[in-house]
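Accompanying notes for the structure given below.
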Amino acid sequence: MKRLLIIGMVLLVLCAVVCGTYFVGYQRGYHQALILQIGTFIGTLDALDKVRTGDVAGGTKSIESLCFSSANIIYGDYVFRHDFPGHFTGASMIDDLKHYRQTYRTNSAEWTPMERSLEKNLASWK
């Protein structure tokens, strides 16, 4: 009887530890994603401010930087390329991104290093 009680207590403690660890990890991941959203918020607010004050070129450049940076992270990620749940969305948007870049970002001399990396990632995307 004691053995059964001890095994039950050990299993209960083990379950509590697993659930607690999962919760803490989930919260940590959520807060990391939230930190990334701060950059998105600041970048888009800056771009909106530029557009509203008449600096359309500056606002467009800010939005392009944010868009291309996000695309570079997404299309350069190994997990995203291979059966990640968001793979379908990425695959369906790649033609639009390529079309935009071929239409508005044709001068490769003006590209940032991040844009050069994005071009390599887009070229190797399947």
Checklist entry - Before we move on, is Ala91 at pLDDT 90 or above, of a type in the set (A, V, I, L, M), in a helix (DSSP H, G or I) and farther than 19 Å from Thr40 by Cα? => result no
Checklist entry - Out of segment 26-49, which residues are open to solvent by less than 60 Å² (accessible area, probe 1.4 Å), more than 13 Å from the chain's Cα centre (by Cα) and of a type in the set (A, V, I, L, M)? => result Ala47
Checklist entry - When only residues in segment 72-98 that are among the acidic types (Asp, Glu) and open to solvent by 80 Å² or more (accessible area, probe 1.4 Å) count, which is nearest to the chain's Cα centre (by Cα)? => result Asp83
Next on the checklist: Six or more apart or on different chains, Cβ atoms under 8 Å: show the pairs whose first residue is in segment 101-126 and over 17 Å from Ser69 (Cα atoms) and whose second is at pLDDT below 90 and buried (at least 16 other Cβ atoms within 10 Å of the Cβ).
Outcome noted: Lys126/Arg81
Item to check | Among the residues listed as Arg101, Arg52, the single one being among the basic types (Lys, Arg), surrounded by fewer than 16 Cβ atoms within 10 Å (Cβ to Cβ) and at pLDDT 90 or above | outcome: Arg52
Checklist outcome for this item: Note on segment 104-126: residues open to solvent by 100 Å² or more (accessible area, probe 1.4 Å) and under 19 Å from Phe84 (Cβ atoms) are Lys126
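The values are calculated or read from the model by the stated rules, or taken from the named source; none is laboratory data. Model, not experiment: these values are computed from the prediction. Neighbour counts run over all protein chains shown; Cβ positions are idealised from the backbone, glycine included. Accessible surface areas use protein heavy atoms only, side chains included; no ligands, DNA or RNA. Shrake-Rupley method; radii C 1.70, N 1.55, O 1.52, S 1.80 Å.
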